[in-house]
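The values are calculated or read from the model by the stated rules, or taken from the named source; none is laboratory data. Here the structure is a predicted model, which means the values were calculated and not measured. Every residue, glycine among them, receives a Cβ derived from its backbone with ideal geometry; neighbour counts consider all protein chains shown. Just so you know, the surface numbers come from the protein's heavy atoms only, side chains and all, with ligands and any DNA or RNA stripped out. Shrake-Rupley method; radii C 1.70, N 1.55, O 1.52, S 1.80 Å.
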Amino acid sequence: MKYLPTARLDRFLEDAAKLRKIYVPVDGEQNRAAYRLWMPGTVVSKALNTTRSAKDFFFPQTENLVGFRRTEKKLEIVDPRRETEDFAVFGVRACDARSFSILDKVFLSDPADTYYANRRAHGLVLSVSCRRPAETCFCTAFGIDPSAPEGDVTFTDDGEGYYVRANSEKGEAFLESLSGVFDEADEAGEKEARAQTKRIADRLPLGTLPLEKFGGGKTKDLFDRPEWSSLSESCIGCGTCTFVCPTCQCYDIRDFDTGREVRRFRCWDSCMYSDFTKMAGGNPRLTQKERFRQRFMHKLVYFPENNGGEFGCVGCGRCLRACPIGMNIVKVLKTLAEDGNES
Amino acid sequence: MNPETMLPAICTVTEIRTDTPDVKTFRVVSRDGKKPFEHLPGQCAMVSLPGIGEAMFSVTSSPTDLEWLEFSIKKCGHLTEWLHMLEPGMEVTVRGPYGRPFPVDDELLHKNLLFIAGGIGLAPLRSVIRYVRAKRENYGNVEIIYGARSKADLVDYDEITTEWTRDMNVHLTIDRAEDAWDGHVGFVPNYVKELSPSLDSVALVCGPPIMIKFTVQGLTELGFRPEQIYTTMELRMKCGVGKCGRCNIGAKYVCKDGPVFRFDELGELPDEY
Ligand code: SF4
Ligand code: SF4
Ligand code: FES
């Protein structure tokens, strides 16, 4: 077990940055923290979490999948990929760390998405425990422990520094090559730091949610519930909830003609958008109600049905803060968990 | 399937047939002149004109066509309009095959088959029908009920009337009477009820959603069970491999778990297609 006093965080990042690019959360305007490339002088944010999730590192908002050149009748394919550099992301919280294993279930399932797989192989997740989870946090409802996040290396915050533990071979090797900056520590300290966080986490107002009513096999019970109308009534279909969500992964594929070549891009898309399922012959999800329902049914029923019961939400609370109409997954869960017609 | 699912193969269009005023069939081979990949009847592939778009089409040739793939494509949007302007020798990209095929080598084996198609709906069934004809001894009696708006809109009319009639019972119908037509006139669902096909067969139904709906209603009235009826579904698709989320219905992805579904399976899905 290793220990890194807060005062030595900069030195750790400086040494780590010599081994690979390292990204850290940095404060921005209006308390909006975002991941930035660490450079000497970069101040690591103390915010609990970043405004956008960390999914960009493995599933960027836009990416060039393939290019095409056309000469008269002939076509030529250009693979735009260059070898991805090794990188590390420091400061990933328990919710986002879990979101990666959820994204893995989508992108690494057969046939694996090689673009995503390549970034996962080159990326190192350095997660940090949440000393004080926020009132909008409900990771614990989904069985996530904010005091012991997943990731290649876990940094457990005790207020004055971090207990540092590797969870993977990759993480082990990384710590090995930086051993100079760490102190040796015993596990009891880590245990105590975790216990402190757990005491707060256990009292989170949203920490328990009525999830028994949801999960695989519940389509018939939930799909036709009349409450979908009132829940979705004010939704403006802006897609913000899907963009900030660490587990939302729907995407679009589009071609862009640069004049010299055609580039085929993948970019984030949203099931909340009216044209998401639009076809030449019509649209199976005609109103916002159907689109809204899709987002929540996917996270709470369809995803668990296909993935051994695991829900497609990690309780990060981003959609609670970001939605312009104050709608969110917690309201959806609570409303639907009440028996619709008590007859 | 190529493990690099997003890198398509470049294929040459070697032949283009005009089937109806708005349907053309494109024959494609890979650059080395061979069939781009092996598929099973009912499976689909992504065909693209880079810069214009990419969309999912049913492979309409049969696996027993050894040298090429064919796609019968109806002009109904931006990409398909461009495809209809292609000339032989031009190149397109193709990736696939995607999805679950009709169970031609298991559940359908040795069964009596009842194909019911409306308009361009014949396209996905054409692959199965050609496969069944190539292995005719493996299947029982075959009935085909096929209808379109007019005679000119019947896809593959020549092949149907000269070849398919040799080893299968073909029943054609058009929506409205015309001078040069002495066959049946009327909509497919009604014709199906009139013909009252034998209950000991498996039905494969394909066409516009409304035609499928009424046909299946009719079959049900005749006594067909949902387990005896198959169809293929059409939804918007982007990735073809169950990841982009586009074609998700309930816990299924049409690109991966379909496009072929049995009606009892469809009954389990939310009504959203
Ligand atoms: S649904 Fe909301 S709370 Fe759940 S993971 Fe997505 S953004 Fe976070
Ligand atoms: S953020 Fe809110 S308003 Fe916007 S799409 Fe999501 S639920 Fe609807
Ligand atoms: S087309 Fe992307 S999930 Fe089916």
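Can you find a residue that is within 30 Å of A:Cys250 (Cα to Cα), surrounded by 20 or more Cβ atoms within 10 Å (Cβ to Cβ) and among the aliphatic types (A, V, I, L, M) anywhere in the range A:159-174?
Filtering the range A:159-174 down to residues within 30 Å of A:Cys250 (Cα to Cα) leaves A:167-168, A:170-171.
From the residues that got through so far, the ones that are surrounded by 20 or more Cβ atoms within 10 Å (Cβ to Cβ) too are A:171.
Then drop every residue that is not among the aliphatic types (A, V, I, L, M), which leaves none.
No, there is no match, as no residue in the range A:159-174 is within 30 Å of A:Cys250 (Cα to Cα), surrounded by 20 or more Cβ atoms within 10 Å (Cβ to Cβ) and among the aliphatic types (A, V, I, L, M).
Return the residue satisfying two criteria in turn: it lies in the range A:271-329 and is among the β-branched types (Val, Ile, Thr) and open to solvent by 40 Å² or more (accessible area, probe 1.4 Å), and of such residues it is farthest from the chain's Cα centre (by Cα). Spell out the reasoning first.
To start, the set of residues in the range A:271-329 that are among the β-branched types (Val, Ile, Thr) comprises A:277, A:287, A:301, A:314, A:325, A:329.
Adding the requirement that they be open to solvent by 40 Å² or more (accessible area, probe 1.4 Å) leaves A:287, A:325.
Values: A:Thr287: 28, A:Ile325: 22 Å.
Among those residues, the one meeting the criterion is A:Thr287.
Which pairs have Cβ atoms under 6 Å, sit 6 or more apart or on different chains, and link a residue in the range A:217-243 that is open to solvent by 10 Å² or more (accessible area, probe 1.4 Å) to one that is more than 7 Å from ligand 2 (Cβ to nearest atom) and at pLDDT 95 or above?
A:Lys218/A:Val301; A:Thr219/A:Val301
Quick one: A:Arg98 ticks every box in (1) charged (D, E, K, R); (2) more than 9 Å from chain B (Cβ to nearest Cβ); (3) touching a residue at least 24 places away in the same chain (Cβ under 8 Å); (4) under 30 Å from B:Asp32 (Cα atoms) bar one, so which box is it?
(4)
Just to be sure I understand the filter: pairs with C-beta atoms under 8 Å, separated by 6 or more residues or on different chains, first member in the range A:287-311 and away from every other protein chain (no Cβ under 11 Å), second member within 13 Å of ligand 1 (Cβ to nearest atom) and among the aromatic types (Phe, Trp, Tyr). Which pairs pass?
What qualifies is A:Lys299/A:Phe311; A:Leu300/A:Phe214; A:Leu300/A:Phe311; A:Glu310/A:Phe303; A:Phe311/A:Phe142; A:Phe311/A:Phe214; A:Phe311/A:Phe303.
Is the range B:184-201 home to any residue that is farther than 23 Å from B:Leu108 by Cα, at the interface with chain A (Cβ under 10 Å from one of its Cβ atoms) and open to solvent by 20 Å² or more (accessible area, probe 1.4 Å)?
No, every residue in the range B:184-201 fails to be farther than 23 Å from B:Leu108 by Cα, at the interface with chain A (Cβ under 10 Å from one of its Cβ atoms) and open to solvent by 20 Å² or more (accessible area, probe 1.4 Å).
The conditions are (1) at pLDDT below 95; (2) touching a Gly at 6+ places or on another chain (Cβ under 6 Å), and B:Leu235 fails exactly one of them. Which is it?
(2)
Exactly one of (1) in contact with a Gly (Cβ under 9 Å, 6 or more places away or on another chain); (2) surrounded by fewer than 21 Cβ atoms within 10 Å (Cβ to Cβ) is unmet by B:Met46. Its number?
Failed condition: (2).
I'm trying to understand the selection: among the residues of the range B:235-268, which are more than 7 Å from ligand 3 (Cβ to nearest atom) and assigned to a loop (DSSP other than H, G, I, E, B)? It would help to see each step written out before you state the result.
Step one: list which residues in the range B:235-268 are more than 7 Å from ligand 3 (Cβ to nearest atom), which gives B:235-236, B:249-252, B:257-268.
Selection gives B:Leu235, B:Arg236, B:Gly250, B:Ala251, B:Gly258, B:Glu268.
Could you list, in sequence order, the residues of the range B:37-62 that are within 14 Å of chain A (Cβ to nearest Cβ), in contact (Cβ under 8 Å) with a residue 12 or more places away in the chain and more than 16 Å from ligand 3 (Cβ to nearest atom)? Even if it seems obvious, please write down each step before you answer.
Here is the first cut: in the range B:37-62, the ones within 14 Å of chain A (Cβ to nearest Cβ) are B:37, B:46-57.
Narrowing the set further to residues that are in contact (Cβ under 8 Å) with a residue 12 or more places away in the chain leaves B:37, B:46-50, B:52-57.
B:Phe37, B:Leu49, B:Pro50, B:Ile52, listed by residue number.
Checking the condition more than 14 Å from chain B (Cβ to nearest Cβ) and in contact (Cβ under 8 Å) with a residue 60 or more places away in the chain, which residue from A:Arg69, A:Arg93, A:Arg82 passes? Write out each step before concluding.
Values: A:Arg69 fails: more than 14 Å from chain B (Cβ to nearest Cβ); A:Arg82 fails: in contact (Cβ under 8 Å) with a residue 60 or more places away in the chain.
Selected residue: A:Arg93, the only one of A:Arg69, A:Arg93, A:Arg82 that is more than 14 Å from chain B (Cβ to nearest Cβ) and in contact (Cβ under 8 Å) with a residue 60 or more places away in the chain.
Looking only at strands (runs of 3 or more DSSP E) that lie completely in the range A:1-109, which have at least 1 residues being of a type in the set (Ser, Thr, Tyr)?
Details: elements: A:2-5, A:21-27, A:33-37, A:62-71, A:74-78, A:87-92.
Of the strands (runs of 3 or more DSSP E) lying wholly inside the range A:1-109, those with at least 1 residues that are of a type in the set (Ser, Thr, Tyr) span A:2-5, A:21-27, A:33-37, A:62-71.
If I go through the range A:244-271 residue by residue, how many of them are under 30 Å from A:Asn49 (Cα atoms) and within 14 Å of another protein chain (Cβ to nearest Cβ)?
Narrowing the range A:244-271 to residues under 30 Å from A:Asn49 (Cα atoms): A:244-253, A:265-271.
Those still in the list that are within 14 Å of another protein chain (Cβ to nearest Cβ) too: A:245, A:247-253, A:265-271.
So the count comes out to 15.
Would you check if there is a residue in the range B:236-252 being polar (S, T, N, Q) and either surrounded by fewer than 22 Cβ atoms within 10 Å (Cβ to Cβ) or away from chain A (no Cβ under 14 Å) (or both)?
no
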